[in-house]
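Each remark here refers to the structure printed beneath this line.
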Amino acid sequence: SPEERHHHPQARPRTNPREAREIVNEVLLRLRASERTPSLGVITFNDRQRDLIENSLREVSSPRVIDALDARDGLFVRNLENVQGEERDTILFSATFAANAQGDLPLNFGVLNHAGGERRLNVAITRARKQIIIFTSFDPQDLHAERTAHRGVKDLRAYLHQAAEGR
């Protein structure tokens, strides 16, 4: 079936194709596992990752995916700046950023590096009514938040540590 095909997105600046693939696969698994359209949201750290995931989902060419994207409490794909006010039972959260070729994790997390970035993170993680699944390409301890003054990045590290511990 078209849902079985796995799309392999191409790398673009400020995107994480591996996380995008994993999220698309998770969405497809959840659609297959439920007769009803699941209440599901995808949140990314930037608009390019959002576009990569949404385009990848649309390229699956599955009527179930399109129906889910159109359903009232179905599937949404939003970046951190455009998710306010929407809730879903489950949120799939793409941390998006990853270590560079030298193995260093940059401390630039988009809107988290701006004043009030911690509020954006708080909005994102409170969109889930039941469950959040975080997709990251780095270990929380590799995020050297002590090297930045931005509270949003510090809060992200603390949140990822809690998630890694299963809380």
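The values are calculated or read from the model by the stated rules, or taken from the named source; none is laboratory data. Only a predicted model underlies this, so the values are computations on that prediction, with no experimental measurement involved. Ideal geometry is used to build each Cβ from the backbone, glycine not excepted, and the neighbour counts take in all protein chains shown. Heads up: the accessible areas ignore ligands, DNA and RNA and are worked out on the full protein's heavy atoms, side chains in. Shrake-Rupley method; radii C 1.70, N 1.55, O 1.52, S 1.80 Å.
Numbers for the structure displayed
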{"quantity": "Among (1) surrounded by fewer than 23 Cβ atoms within 10 Å (Cβ to Cβ); (2) farther than 12 Å from residue 23 by Cα, the one test that residue 80 misses", "calculated": "(1)"}
{"quantity": "Number of the condition not met by residue 22 [criteria: (1) modelled with pLDDT of 95 or more; (2) touching a His at 6+ places or on another chain (Cβ under 7 Å)]", "calculated": "(2)"}
{"quantity": "Where residue 16 falls short, out of the listed (1) open to solvent by less than 50 Å² (accessible area, probe 1.4 Å); (2) at pLDDT below 95; (3) under 24 Å from residue 130 (Cα atoms)", "calculated": "(3)"}
{"quantity": "Total residues in segment 126-143, condition among the small types (Gly, Ala, Ser) and closer than 13 Å to residue 97 by Cβ", "calculated": "1"}
{"quantity": "Close pairs (8 angstrom Cβ cut-off, 6 or more residues apart or separate chains): touching a residue at least 24 places away in the same chain (Cβ under 8 Å) and open to solvent by less than 40 Å² (accessible area, probe 1.4 Å) in segment 24-35, of a type in the set (Val, Ile, Thr) and assigned to a helix (DSSP H, G or I) anywhere", "calculated": "24/53; 27/65; 28/65; 31/65"}
{"quantity": "Segment 88-103, residues that are loosely packed, with under 15 Cβ neighbours inside 10 Å and either touching a strand residue (DSSP E or B) at 6+ places or on another chain (Cβ under 8 Å) or over 24 Å from residue 142 (Cα atoms) (or both)", "calculated": "89"}
{"quantity": "Test result for residue 120, assigned to a helix (DSSP H, G or I), under 17 Å from residue 41 (Cβ atoms), open to solvent by 40 Å² or more (accessible area, probe 1.4 Å) and not polar (S, T, N, Q)", "calculated": "yes"}
{"quantity": "Given (1) free of Cβ contacts under 8 Å to residues at least 24 places away in the same chain; (2) in a loop (DSSP other than H, G, I, E, B); (3) surrounded by 14 or more Cβ atoms within 10 Å (Cβ to Cβ), index of the condition residue 107 fails", "calculated": "(1)"}
{"quantity": "Restricting segment 123-154 to residues that are of a type in the set (D, E, K, R) and at pLDDT 90 or above, the residue that is surrounded by the fewest Cβ atoms within 10 Å (Cβ to Cβ)", "calculated": "130"}
{"quantity": "Scope segment 72-94; condition touching a helix residue (DSSP H, G or I) at 6+ places or on another chain (Cβ under 7 Å) and part of a loop (DSSP other than H, G, I, E, B); matching residues", "calculated": "74, 83, 84"}
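Conditions (1) of a type in the set (A, V, I, L, M, F, W, C); (2) over 18 Å from the mean Cα position of the chain (by Cα), marked per residue:
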| site | (1), (2) |
| --- | --- |
| 105 | yes, no |
| 120 | no, no |
| 128 | yes, no |
| 132 | yes, no |
| 142 | no, yes |
| 146 | no, yes |
| 153 | yes, no |
| 157 | no, no |
| 160 | yes, no |
